[in-house]
Amino acid sequence: MTKPTQTASHWGVYNVTIDESGKVTGSVPLARDTHPSRLNAGLPELVHSDLRVAKPHVREGYLRSREKSRAQRGSERFVEVTWDDALTLVKQEIRRVTEFGNEAIYGGSYGWASAGRFHHSPSVLKRFLGLNGGYVDKLGNHSFGAAMHIAPYVIGRADIPHINMPWPLIVQHTRLMVLFGGAHLKNTQISSGGTVLHESADWFKKARDAGIEIINISPSRDDVADNVRTSWLPVRPNTDVALMLGLAHTLVSENLHDRNFLDGYCVGFAPFEDYLLGKTSGKPKTADWAAAITGIDADVIRSLARKMAKTRTLIATSWSIQRADHGEQPIWMTIVLAALLGQIGLPGGGFGFGIAATSSAGMPLPANLPRPTLPLGVNRVTNHVPVGRVTDMLLNPGATLDYNGKTITYPDIKLVYSVGGNPFHHNGNLNRFLQAWQHPDTVIVHEPWWGPAAKFADIVLPATTTLERNDIQAAEQSRFFVAMRQVVQPVGQSRNDFDIFAELSARLGFGQAYTEGRDEMMWLRHMYEKARHDAVARNHVLPDFDMFWEAGLYEFPTPETCQPLFGSFRDDPVRNHLPTPSGKIEIYSEKIASFGYDDCPPHPTWIEPAEWLGSTKTARFPIHLLSNQPVTRLHSQHDSSKLSRASKVAGREPIKMNGQDAAARGLKAGDTVRVFNDRGAFISAVDIVDGLREGVAQIATGAWYDPEHPGKADSLEKHGNPNMVTNDKGTSRLAQSPVAQTVLVEIERCLSPPRMSAFDLPDVA
Ligand SMILES: Nc1nc2c(c(=O)[nH]1)N[C@H]1C(S)=C(S)[C@@H](COP(=O)(O)OP(=O)(O)OC[C@H]3O[C@@H](n4cnc5c(=O)[nH]c(N)nc54)[C@H](O)[C@@H]3O)O[C@H]1N2
Ligand SMILES: Nc1nc2c(c(=O)[nH]1)N[C@H]1C(S)=C(S)[C@@H](COP(=O)(O)OP(=O)(O)OC[C@H]3O[C@@H](n4cnc5c(=O)[nH]c(N)nc54)[C@H](O)[C@@H]3O)O[C@H]1N2
Ligand SMILES: [Mo]
């Protein structure tokens, strides 16, 4: 056996072993990583998978008639073509479409793709489309879209993943952690752009050992591990704002709130107080009022509020709860609740977002680290679309959309170019999305595997995986630079996304501008040396590229002391004012008031979500469906791996239900079921659990979309993709962000489900 080769991913650093013939045989995690992710095994297992796209392919009907065959997308055979023919086709189509203006090209291309600063497929796509004159880009993201839109008005920051108290200060100073949306450690396997060490579980353990009380507020008990959790409040989904208001009302009515903090560091408490006490609406937001909405006992709410006021409290809110209708509100209200307690800026106090959303949350990090980056270049098209409204855009060219105080006019998209994402994973309401997907003349995708993104494209170009190329991992929230070395030769005829765009650029006449004359290793050297140079100004002395590449890993020193989040603002709110209009925390926002949005009022407000357990819609659809991030995959990536397949029940993505809800429907563990509402239906299999609030079911995202009748709207989905039933409305006119967690369904027995075919190869002529 040859020496193992180091690579890296969103979920860790590991060494890959190969045999004499050059085939991957397995992987060994980095020795220093004490809690390596099981996801490490996925790529080594799948790099030579039968599901690899080995050659360029074009949908058969597309070759006959581009415009007339759009509805056949996903249901027709493919034809293999040579690279030369494929690139000629792509070049001609880009030329043709550009005639309509660059606003006809959607290059927003959402997706996690692979880690690595250079071969990051959405970045290499954007660099390419920018040089071609521009493209319609996306705005915001699926992860924390509502939060990143509301937070700038309230605290002047949009960098949500950085808004956390450093763990050492939590362990030392916090006495009570109130976790809205829990803190499921499965999510800490991963960080966008890469993880090196998995330290979150150890920090939670230290917090418990320090005697910190940790309260899980979630419909699911297991959102905080047994050995970490001290109590569980099984809140109704999407009602956290009401609960926070009930807590706030108790604080204010019992005079437990910090008037000095509200006066010195905040603006707009008075109108909010009027709302809270019912002076404006006639409805005081008492603990009893909150109890009726949330299902949490009023006495429990009152005593929690008193406890929070008495002790050093950290309110940690997950990203999941803002991935819901009016998702701006729980974020804003988290900040306001913490402001009432007056502990913002104190060590271990205040608030934070997503303490277990990724492996990097709360980890002490040296300030201002440089990062090797590939410049994206200029995008001359300024008309962009919020990620949550892509379906709407494709279906309604020329229509307008209110967004964040502005008006967007939807462009008429003729070409969608998508790399490194799975649109049939990230978009909600897939039946409507499918119709939208049939609007553009052409869909071009680069993919390593025959998953849904490839199967529903017109032109599929085979992309390499991380194991087939050299790169550098240097995530924004990491203290490491890591060499990602090529392990095997490109599989089949696959090419690196960068090389595909380099060739297309050359054919379109801007090849030199695209590559700047550099190949892969020259780019890595160039990007690293630029970061090394920038580091000097920030007092870091890095080894040169050759030494780094040889060593494989560079670690920036962890700072010896950490600053509390908003510590300097607390020290001097005048000199270190926040970048909000008032310089202070805005409990009431004049700016938002000026927009006049009834779905995002100027202070935190309880607004009923479109669907929830308190709505009349429960008569037909009595179950609130949550679709959380998966334990055994990254979204839809590696769904065909052994690890992911072992998590399925009867070959389908399982749905968790509590025993009573199952019994009421005559269901037992392992039964196949149909999960449905007016938007769509999917097949799943029942997994009965305790620790799930009644009326709530839960299914992980990421099962490869597998419709019974591909290309037909209203087809049954056979594998367990929750986006068949999710809503594709926006959170509000402010953020227009996705609302995946706002969905009611019914569940019924399905006696003879159609055969699952998600992992079948497409038909090829
Ligand atoms: N119902 C529901 N839906 C959700 C969510 C939810 O909570 N509930 N969560 C949302 C969130 S937070 C997110 S971030 C999104 C994630 O949605 P996506 O980021 O779209 O999901 P992934 O499965 O990570 O898609 C990555 C794709 O890139 C491909 N790929 C990997 N490496 C490469 C490469 O080097 N080159 C190319 N060309 N392709 C590559 C993979 O095969 C895969 O098809 O989903 C959202 N969707
Ligand atoms: N293993 C793994 N880890 C991942 C990912 C992955 O795909 N796999 N994806 C990564 C990405 S892209 C992201 S954005 C983060 C996402 O991080 P999160 O958004 O925090 O993760 P989720 O798993 O979607 O949701 C966490 C929990 O929130 C609870 N919840 C849902 N709705 C509500 C509600 O209305 N109120 C309350 N109180 N609780 C609610 C659910 O019970 C769910 O288990 O995870 C990252 N980590
Ligand atoms: Mo995400």
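Numbers at a glance
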quantity	calculated
Failed item, numbered, when residue 189 is tested on (1) near ligand 2 (Cβ under 9 Å from one of its atoms); (2) closer than 30 Å to residue 615 by Cβ; (3) in contact (Cβ under 8 Å) with a residue 60 or more places away in the chain	(2)
Within segment 624-727, strands (runs of 3 or more DSSP E) holding 3 or more residues that are away from ligand 1 (no atom under 13 Å from the Cβ) and not charged (D, E, K, R)	672-676, 681-688
Test for residue 620: is it away from ligand 1 (no atom under 16 Å from the Cβ), in the same structural domain as residue 727 (by TED's automatic domain parsing) and over 30 Å from residue 279 (Cβ atoms)	yes
Enumeration of residues in segment 689-718 that are closer than 21 Å to residue 646 by Cα, crowded, with 19+ Cβ neighbours inside 10 Å and more than 16 Å from ligand 3 (Cβ to nearest atom)	697, 698, 699, 703, 704, 705, 706, 717, 718
In segment 475-490, residue nearest to residue 556 (Cα to Cα) [restricted to those that are in contact with a helix residue (DSSP H, G or I) (Cβ under 9 Å, 6 or more places away or on another chain) and surrounded by fewer than 20 Cβ atoms within 10 Å (Cβ to Cβ)]	476
Number of positions in segment 25-63 that are in contact with an Asp or Glu (Cβ under 8 Å, 6 or more places away or on another chain) and either aliphatic (A, V, I, L, M) or closer than 21 Å to residue 630 by Cβ (or both)	4
Search result, residues across segment 56-91 that are of a type in the set (S, T, N, Q) and part of a loop (DSSP other than H, G, I, E, B)	65, 75, 82
Failed condition for residue 714, given (1) closer than 29 Å to residue 235 by Cα; (2) at pLDDT below 95	(1)
Residue within segment 152-171 that is assigned by TED's automatic domain parsing to the domain that holds residue 447 and more than 16 Å from ligand 1 (Cβ to nearest atom) present	no
Members of segment 159-211 that are in a loop (DSSP other than H, G, I, E, B) and over 30 Å from residue 111 (Cα atoms)	174, 175, 210, 211
Residue ID - farthest from ligand 1 (Cβ to nearest atom), chosen from residues in segment 92-149 that are charged (D, E, K, R), part of a loop (DSSP other than H, G, I, E, B) and under 24 Å from the mean Cα position of the chain (by Cα)	137
Residue match in segment 368-378 (condition: small (Gly, Ala, Ser), touching a residue at least 40 places away in the same chain (Cβ under 8 Å) and more than 16 Å from ligand 1 (Cβ to nearest atom))	yes
Sole residue being under 18 Å from residue 115 (Cβ atoms) and in contact (Cβ under 8 Å) with a residue 24 or more places away in the chain, chosen from 495, 479, 507, 538	479
Matching residues in segment 708-743 - criterion: being of a type in the set (Gly, Ala, Ser) and over 16 Å from the mean Cα position of the chain (by Cα)	711, 713, 715, 720, 732
Residues (over 22 Å from residue 477 (Cβ atoms) and surrounded by fewer than 24 Cβ atoms within 10 Å (Cβ to Cβ)) located in segment 326-372	342, 346
Those residues of segment 123-162 which are more than 16 Å from ligand 3 (Cβ to nearest atom) and among the aliphatic types (A, V, I, L, M), in sequence order	124, 125, 129, 131, 136, 150, 151, 154, 155
Among residues of segment 666-688, those that are buried (at least 17 other Cβ atoms within 10 Å of the Cβ), over 23 Å from residue 759 (Cα atoms) and over 25 Å from the mean Cα position of the chain (by Cα), counted	2
Subset of segment 604-648 that is over 27 Å from residue 354 (Cβ atoms) and among the hydroxyl-bearing types (Ser, Thr, Tyr) - its residue that is nearest to the chain's Cα centre (by Cα)	640
Count of segment 452-489 residues which are within 24 Å of residue 84 (Cα to Cα) and either small (Gly, Ala, Ser) or not assigned by TED's automatic domain parsing to the domain that holds residue 86 (or both)	4
Meets criteria (closer than 13 Å to residue 254 by Cα, in contact with a helix residue (DSSP H, G or I) (Cβ under 7 Å, 6 or more places away or on another chain) and buried (at least 24 other Cβ atoms within 10 Å of the Cβ)) for residue 314	no
Residue ranges of helices (runs of 4 or more DSSP H) in segment 494-607 with at least 2 members farther than 29 Å from residue 337 by Cβ	497-508, 511-515, 520-537, 545-551
Residues that are in contact with a strand residue (DSSP E or B) (Cβ under 8 Å, 6 or more places away or on another chain) and not β-branched (Val, Ile, Thr), drawn from segment 169-196	175, 176, 177, 179, 180, 181, 182, 183, 184, 189, 193, 194
Residues (buried (at least 23 other Cβ atoms within 10 Å of the Cβ), more than 18 Å from residue 446 (Cα to Cα) and either more than 16 Å from ligand 2 (Cβ to nearest atom) or free of Cβ contacts under 8 Å to residues at least 60 places away in the same chain (or both)) located in segment 133-147	136
Residues of segment 161-177 satisfying the condition of being buried (at least 24 other Cβ atoms within 10 Å of the Cβ) and within 11 Å of ligand 2 (Cβ to nearest atom)	none
Test: residue in segment 294-314 that is within 16 Å of ligand 1 (Cβ to nearest atom), over 24 Å from residue 153 (Cα atoms) and under 27 Å from the mean Cα position of the chain (by Cα)	no
Of residues in segment 623-655 being out of contact with any Leu (no Cβ under 6 Å at 6 or more places or on another chain) and β-branched (Val, Ile, Thr), the one nearest to residue 277 (Cα to Cα)	623
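The values are calculated or read from the model by the stated rules, or taken from the named source; none is laboratory data. Just so you know, these numbers come straight off a predicted model, no measurement behind them. Neighbour counts are summed over all protein chains in view; Cβ atoms, including those assigned to glycine, are modelled from backbone coordinates with ideal geometry.
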